[in-house]
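Engineer: Dropping the structure in here first, questions after.
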Amino acid sequence: MEIPIAAPSSNLFIITIMDGRSLNDHGHGTNRVAAATTPLLIAMLITGSFTVIEFVGGILTDSLALMSDAGHMLTDTLALALSLGAMKVAMRPANKEMTFGFLRAEILAALVNGVTLILVSLLIFYEAVKRILEPPEIEAPLMLFVAVLGLAANAGGIYLLHDKSKGSLNVRGAFLHMLGDFLSSIAVIIGALLIMFFDLKVADPILSILIGGVILFGAWKLLTQSTSILLESVPSHLKLEDVRVSLLGVAGVTEVHDLHVWTLTSGLHALSAHIVVEDRSLSDCSSVISDCEEMLMKDYAISHTTFQLECKTCGENSCVFLPNSPTH
């Protein structure tokens, strides 16, 4: 554990203690990223192949639902490629300029994926309205055949990404793309059956609107989550006051202030705080920090911490973060 010591003043003695590990030493950081690259690559190859098949099928059948699904699969292919690129960048080690490393590349990729999905859904809505006003002739049997192939491809992609999506917002963005495609394929199959047996041509654009709605819902959630991380909001799985109370429960801690908790990337949370401790020797302080770190990791999954120990509260306003003023 590294313990840089600030020079004592007459009224205040400050010790700054960090957890001593670089961000890339946290096993669930780069290791988690590396484990997801192979499933992403396979899913991208599957999706890219069936994008071409569905585009050709949509043109031959004149089905908007099928072409919408193909367009969505095209964005999925690009999104998966973007996610893969972000994974590669995220595994690069921290350096003197990028002291937190490149883990935020995952979140940027998730943000781009979310924006792309919203644009795709709006395009589908626009085309669907045109088709409702003027329903075209549709080759339902071929539409059904291509949709079944697409369903099988999307199911494979979902299977590959499901587990990995739980630990990475970037992979979750790719997973949502695949899930949207899977639901789209089901809708296209239903539409083809309705056209074949009941001649309901309007089913094609109506189902396209439903597909767009599903895509939009997932995109909005992805967009809000990634934006929240980029704005360094408190992670959604915890409350700041609960963390403060837990820190106060650690033996030797008498006060906690200037507390900040944020997410660096999916599953990697950081914390900084000023902690007032009872007057004691320097050697005793390390045990207080160790207890704080153990509690935070166990109860809140916070793995990267920076503490400033004080034996007296900072002066008024000296620890308040002001956006337009330099922090001390």
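Engineer: Sort out which residues of region 81-111 are within 13 Å of residue 40 (Cα to Cα) and among the hydrophobic types (A, V, I, L, M, F, W, C), and write them in order of number.
Structural biologist: 81, 82, 84, 86, 87, listed by residue number.
Engineer: For residues that are touching a Leu at 6+ places or on another chain (Cβ under 8 Å) and buried (at least 19 other Cβ atoms within 10 Å of the Cβ), scanning just region 94-103, find the one that is modelled with the highest pLDDT.
Structural biologist: Checked region 94-103; the qualifying residue modelled with the highest pLDDT is 101.
Engineer: Related question: Would you confirm, using the coordinates I've provided, whether residue 71 is at pLDDT below 75, among the small types (Gly, Ala, Ser) and over 30 Å from residue 277 (Cα atoms)?
Structural biologist: So residue 71 fits the description; yes.
Engineer: Is it true that some residue in region 77-86 is part of a helix (DSSP H, G or I), over 22 Å from residue 177 (Cα atoms), of a type in the set (A, V, I, L, M, F, W, C) and at pLDDT 75 or above?
Structural biologist: Checking region 77-86: not a single residue is part of a helix (DSSP H, G or I), over 22 Å from residue 177 (Cα atoms), of a type in the set (A, V, I, L, M, F, W, C) and at pLDDT 75 or above.
Engineer: Among the residues of region 248-266, write down those that are outside any strand (DSSP E or B) and surrounded by fewer than 19 Cβ atoms within 10 Å (Cβ to Cβ).
Structural biologist: Residues satisfying the conditions are 248, 249, 251, 252.
Engineer: Return the only residue of 46, 107, 124 being buried (at least 20 other Cβ atoms within 10 Å of the Cβ), β-branched (Val, Ile, Thr), under 19 Å from residue 267 (Cα atoms) and touching a residue at least 24 places away in the same chain (Cβ under 8 Å).
Structural biologist: 107
Engineer: Out of 208, 185, I need the residue that is assigned to a helix (DSSP H, G or I), assigned by TED's automatic domain parsing to the domain that holds residue 105, within 21 Å of residue 70 (Cβ to Cβ) and touching a Ser or Thr at 6+ places or on another chain (Cβ under 6 Å). Which one?
Structural biologist: Working: 185 fails: touching a Ser or Thr at 6+ places or on another chain (Cβ under 6 Å).
Only one candidate passes the filter, namely 208.
Engineer: Give all pairs with beta carbons closer than 6 Å in which a residue from region 259-272 that is at pLDDT 85 or above meets a residue that is of a type in the set (Asp, Glu); count only pairs at least 6 apart in sequence or on separate chains.
Structural biologist: From region 259-272, the pairs are 262/232.
Engineer: On to the next question. Would you confirm, using the coordinates I've provided, whether residue 219 is farther than 25 Å from residue 301 by Cβ and either surrounded by 18 or more Cβ atoms within 10 Å (Cβ to Cβ) or not assigned by TED's automatic domain parsing to the domain that holds residue 276 (or both)? It would help to see each step written out before you state the result.
Structural biologist: Working: farther than 25 Å from residue 301 by Cβ: yes; either surrounded by 18 or more Cβ atoms within 10 Å (Cβ to Cβ) or not assigned by TED's automatic domain parsing to the domain that holds residue 276 (or both): yes.
Yes.
Engineer: Is it true that residue 275 is at pLDDT 90 or above, among the β-branched types (Val, Ile, Thr) and either surrounded by 14 or more Cβ atoms within 10 Å (Cβ to Cβ) or more than 30 Å from residue 63 (Cα to Cα) (or both)?
Structural biologist: Answer is yes for this residue.
Engineer: Let me ask something else about it. Please specify each residue of region 226-257 satisfying the condition of being of a type in the set (Asp, Glu) and touching a Phe, Trp or Tyr at 6+ places or on another chain (Cβ under 7 Å). Give the steps one after another, and end with the answer.
Structural biologist: Within region 226-257, the subset of a type in the set (Asp, Glu) is 232, 241-242, 255.
Residue satisfying the conditions is 232 alone.
Engineer: A further question on this structure: Go through region 91-112 and give me each residue that's touching a Ser or Thr at 6+ places or on another chain (Cβ under 7 Å) and not in a loop (DSSP other than H, G, I, E, B). Steps first, answer last, please.
Structural biologist: Initially, region 91-112 is screened for residues touching a Ser or Thr at 6+ places or on another chain (Cβ under 7 Å), giving 91, 94, 103-104, 106-107, 109-111.
Correct list: 106, 107, 109, 110, 111.
Engineer: Of the residues in region 53-93, how many are among the aliphatic types (A, V, I, L, M), more than 25 Å from residue 138 (Cα to Cα) and exposed (fewer than 15 other Cβ atoms within 10 Å of the Cβ)?
Structural biologist: Final tally of qualifying residues: 0.
Engineer: Do you know which residues across region 92-126 are under 19 Å from residue 190 (Cα atoms) and not β-branched (Val, Ile, Thr)?
Structural biologist: Passing the criteria: only 125.
The values are calculated or read from the model by the stated rules, or taken from the named source; none is laboratory data. Everything numeric here is computed off the predicted structure, so don't read it as measured data. All Cβ positions, even for glycine, are placed from backbone atoms using ideal geometry, and neighbour counts span all protein chains on display.
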